[in-house]
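The values are calculated or read from the model by the stated rules, or taken from the named source; none is laboratory data. Quick caveat, the model's predicted, so the values are computed rather than measured. Cβ: placed from backbone, ideal geometry, glycine included. Neighbour counts: every protein chain shown.
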């Protein structure tokens, strides 16, 4: 029996090594178009930045080491140019020799991954992606040839784009980030991404929102807004798309997302042909529909599952993909899972939104860092639809906890019941995840009612009174236009000062507002608490209305 | 309506504030025997160590702040000395005034917590616990009066004992840790705790295992093994027991563990009387039986639930307790959840054991730290029974992920499918939790068979061959007696050198051993892989056989 695997990085190599562990007698051949297999693709930007100092650290395995340990026949710089599913053959081009040969297979695994989406060409300025070791070599060559503090442009403000920016800055470059979007990190909602903009600028990054590279002259790129940016290098990070050409030419079915269509066992439309990794459609956890989720963890896991299937083990069906992701950015951490509010709105799905601003650990213990959390909840089922967290320490932990809760089908209210490890250096007796669960429970049970930052103008326009229950000092340092200040601890005495009609209360982050809302509700008021408090309102304002500076008195 | 709450720290104060948010009209009185309410009890050791510099940081609320915000009547230094459940009254002693009064209640909440178990009296040496702000004041007074580098003894090597040791050392003391046990941290299994012993000694701590304080003379304590230890101070941390005297005297039912018996809604055996917090029995997640689990998170959560019940909300039944816990120790992190192997063995429960030694994040990214993980699995259901992790970065994250999986009823194999956030600073494409899930799955499916470190002598005695598949350099640096070295990458060529009969393979941590076991199994051998590899074997040897030094050749 002979298995051919096309692509020798995450998914392909996981399939190959697992298959060998299951079947010692099978011929296993891996064809990889590039010069390296099994390299650390998620580490590439950090070698540019000098964080990973040794280039060799990126090369986890070689054809030789894989032959010795797993008896794999690994051919680098071998490009599979055609598949004949009827004859069960592949046509392989030896790139260096310039020759082609036809090889048979009993089982075929396509793990060609994704390729950089065609960005706007930068023409006269060297332009590279950060997808391979070769890419990194070329980027470092350009930087080595440039003078000190070379000017570089990164096109695209997603995960790879922001990792590229951070590492180019670490390498001494002056970076300009160009993105078509109105924000960085489009998987985040606007008010969650907004604080990252001044943060990037503090770190010396020139951010150009709503801009696209349309051309280049030697030493500078041209933007569609008429601007130009001096640059010795463009790093293209506008996104990736499934590398499906080979599969498509072989007549394999392609799904609605443009990824190779597979079933839960990663079988393509053709017998004896599996496909796996970034080139393949996954099923989305929230919506159930096909989706492109290009994560290394899924690629590894599904590659391994394909090997089980080929070897005749009971195949484990791929679980729907959550798309859990995390990004380090100049010491901050950004993470998300599931769907954003934007996506839920676009899809017309009912949802409940919760913003909190907890500390990474007990505030009485030094070093606690503030984070912004957002939870999206299905109001009918109370199931978790998504989460976003921006902060520092402990962000990765909380997104993982929520991802497990989502995968296990726990409700948002059940987050309050999770028994998470507590000591004051690590968390709080009521962990941030517990607390957001309590808010969810209060909303689900009707104990409290919330208004979102973007709903505030309409609510105030309809005549609601806005009561800021923070201290006078907090109020003086910046307040929402139209708010009256009635500190929480005086509210029992002074609530008579609130005008008749609907009331919106708010504090800094939402917690004192909740206590105020409960008090006023019991006193007969119709009250809503501004979700996430002043801090979320401020982030929302930054996200949407850059000209509203007069709105905040200082 | 009048609610009386006895005890004003975690559980009692959570009940009081939640109840006020739900019911503005109710009289709520809190009696606290000590001088402070709502203080940061988990932070007390860190004020001793000077990590939390301001004593005021420990005092989260005062009677005045609670009156202003929540209209609570909080009486500190008021000791409830009797409850009359028939008359619905409590007898309260005003400690400072020396007077007693009888107060009525409609609903009563007992949150008296736990008290230090009676340790062996140290007599002539000042002895304090670390349970209250007063305790901390007294400890700091003793240390202030002592000379530089005072000698101190900590009795008890549980969480509080180890936190006390760390902080006394931070304060400049020379600490001796005295414990009856054969190891520190008895919730851990022996081989998981063993590496902490040299680690503590490296940090200057004198550890006396298997010893008990039996008396004292001025300036030194006497141990039952005939030893003496110079000491100006003894910190008593031998454990706590439910402070149930008041409840017992009132005729309330006490459970088999010695905690106040309550139902899932925390109702005691008497109507209108709830009990909550460290003084109360919980239901154990793994065994389902009553258990004492003294965790701040549970106390807070259950206090809140009691308020819901009193206020007439749909009460949420307390979930069984996992006992998730974490400890920081001289920069290391120790965490566990559920049951240990020792407890499973004692209970006669079938279980499967898995040890791994993963890195905190991708090893190609600098700064990865090694951790030791142990997972206990029910072989029939594949459910997770417990986990233990010892390491540095990322230990708290992994125990939380496993705790959520346990609470949600995920199987051990399902850990492999969790979609955890990955970037190379934060984890691995196959996270340590995923990896231990894969091992569980391989064992559950019979893809691999394991032998535990403590089963090795019997297996070798029965004639099994022991094959060390590490490199010759690793073998030369230390090997298991009787092992022959056949490096994994030469095993296909050289397996003929293995003698007939059963084979046990091992590597450093278990992963190469797994590959070797799969290879040899397919070549017809009957093979088991030494679980956790050389590293777990070494830890087990340290745990059990301190005289076997000749067993390791260097």
Can you confirm whether residue A:238 is under 25 Å from residue A:17 (Cβ atoms) and away from chain B (no Cβ under 14 Å)?
no
Strands (runs of 3 or more DSSP E) enclosed by the range B:310-371 - at least 1 residues per element that are more than 10 Å from chain A (Cβ to nearest Cβ), under 30 Å from residue A:39 (Cα atoms) and in contact (Cβ under 8 Å) with a residue 60 or more places away in the chain:
B:352-356
Scan the range A:257-278 for residues that are out of contact with any helix residue (DSSP H, G or I) (no Cβ under 7 Å at 6 or more places or on another chain) and within 28 Å of residue A:404 (Cα to Cα) and report the count.
7
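Considering A:446, A:386, A:391, which residue is within 14 Å of chain B (Cβ to nearest Cβ), crowded, with 21+ Cβ neighbours inside 10 Å and either in contact with a helix residue (DSSP H, G or I) (Cβ under 8 Å, 6 or more places away or on another chain) or more than 24 Å from residue B:425 (Cβ to Cβ) (or both)?
The unique qualifying residue is A:386.
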Can you name the number of the only condition in (1) touching a strand residue (DSSP E or B) at 6+ places or on another chain (Cβ under 6 Å); (2) at pLDDT 95 or above that residue A:494 fails?
(1)
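Residues are listed down the side, and each one gets a yes or a no for (1) out of contact with any strand residue (DSSP E or B) (no Cβ under 8 Å at 6 or more places or on another chain); (2) outside any loop (DSSP other than H, G, I, E, B); (3) touching a residue at least 12 places away in the same chain (Cβ under 8 Å):
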{"position": "B:216", "(1), (2), (3)": "no, yes, yes"}
{"position": "B:221", "(1), (2), (3)": "no, yes, yes"}
{"position": "B:229", "(1), (2), (3)": "no, yes, yes"}
{"position": "B:235", "(1), (2), (3)": "no, yes, yes"}
{"position": "B:251", "(1), (2), (3)": "yes, no, yes"}
{"position": "B:256", "(1), (2), (3)": "no, no, yes"}
{"position": "B:263", "(1), (2), (3)": "yes, no, no"}
{"position": "B:274", "(1), (2), (3)": "no, yes, yes"}
{"position": "B:278", "(1), (2), (3)": "no, no, yes"}
Here are some conditions: (1) over 15 Å from the mean Cα position of the chain (by Cα); (2) within 12 Å of another protein chain (Cβ to nearest Cβ); (3) surrounded by fewer than 21 Cβ atoms within 10 Å (Cβ to Cβ). Residue A:289 meets all but one. Which one does it not meet?
(2)
Any residue at all in the range A:483-501 that's more than 16 Å from residue A:524 (Cβ to Cβ) and in contact (Cβ under 8 Å) with a residue 60 or more places away in the chain?
no
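To keep it simple, each residue is scored yes or no on (1) within 25 Å of residue B:159 (Cα to Cα); (2) part of a strand (DSSP E or B); (3) facing chain B (nearest Cβ under 7 Å).
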{"site": "A:373", "(1), (2), (3)": "no, yes, no"}
{"site": "A:380", "(1), (2), (3)": "no, no, no"}
{"site": "A:401", "(1), (2), (3)": "yes, no, yes"}
{"site": "A:415", "(1), (2), (3)": "no, no, no"}
{"site": "A:421", "(1), (2), (3)": "yes, no, yes"}
{"site": "A:438", "(1), (2), (3)": "no, no, no"}
Answer from B:177, B:130 - the residue that is in contact with a helix residue (DSSP H, G or I) (Cβ under 7 Å, 6 or more places away or on another chain) and in a loop (DSSP other than H, G, I, E, B)
B:130
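Show me the strands (runs of 3 or more DSSP E) found entirely inside the range B:451-537 where at least 2 residues are more than 25 Å from residue B:389 (Cβ to Cβ) and away from chain A (no Cβ under 13 Å).
By residue number, B:465-468, B:503-506.
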Give the residues of the range B:54-106 that are touching a residue at least 40 places away in the same chain (Cβ under 8 Å), touching a strand residue (DSSP E or B) at 6+ places or on another chain (Cβ under 6 Å), exposed (fewer than 15 other Cβ atoms within 10 Å of the Cβ) and in a strand (DSSP E or B), sorted by residue number.
B:81, B:82, B:104
Breaking point among (1) within 14 Å of chain B (Cβ to nearest Cβ); (2) within 23 Å of residue A:272 (Cα to Cα); (3) part of a loop (DSSP other than H, G, I, E, B), for residue A:19
(3)
Here are the criteria: (1) in a loop (DSSP other than H, G, I, E, B); (2) within 16 Å of residue A:134 (Cα to Cα); (3) within 13 Å of chain B (Cβ to nearest Cβ). Tell me which single one residue A:8 does not satisfy.
(3)
Considering every residue within the range B:262-270, establish whether at least one is within 14 Å of chain A (Cβ to nearest Cβ), surrounded by fewer than 24 Cβ atoms within 10 Å (Cβ to Cβ) and within 18 Å of the chain's Cα centre (by Cα).
no
Provide a single number: the residues in the range B:107-127 that are in contact with a helix residue (DSSP H, G or I) (Cβ under 7 Å, 6 or more places away or on another chain) and outside any loop (DSSP other than H, G, I, E, B).
3
Which one of A:297, A:348, A:287 is farther than 26 Å from residue B:414 by Cβ and out of contact with any strand residue (DSSP E or B) (no Cβ under 9 Å at 6 or more places or on another chain)?
A:348
Considering residues of the range A:66-77 that are more than 8 Å from chain B (Cβ to nearest Cβ) and in contact with a helix residue (DSSP H, G or I) (Cβ under 8 Å, 6 or more places away or on another chain) only, the residue nearest to residue A:133 (Cα to Cα)
A:76
Residue among A:504, A:436, A:480 that alone is assigned by the TED database to the domain that holds residue A:362 and either crowded, with 24+ Cβ neighbours inside 10 Å or modelled with pLDDT of 95 or more (or both)
A:436
Scan (1) surrounded by fewer than 20 Cβ atoms within 10 Å (Cβ to Cβ); (2) more than 8 Å from chain A (Cβ to nearest Cβ) for the single condition residue B:409 breaks and write down its number.
(2)
Any pair with Cβ under 8 angstrom, 6 or more apart, that starts in the range A:460-476 at a residue that is more than 17 Å from residue A:492 (Cβ to Cβ) and not assigned by the TED database to the domain that holds residue A:492 and ends at one that is at pLDDT 95 or above and not in a loop (DSSP other than H, G, I, E, B):
none
Of the conditions (1) at pLDDT 95 or above; (2) more than 14 Å from every other protein chain (Cβ to nearest Cβ), residue A:63 satisfies every one except a single condition; which number is it?
(2)
Looking at (1) part of a loop (DSSP other than H, G, I, E, B); (2) within 26 Å of the chain's Cα centre (by Cα), which is the one condition that is false for residue A:225?
(2)
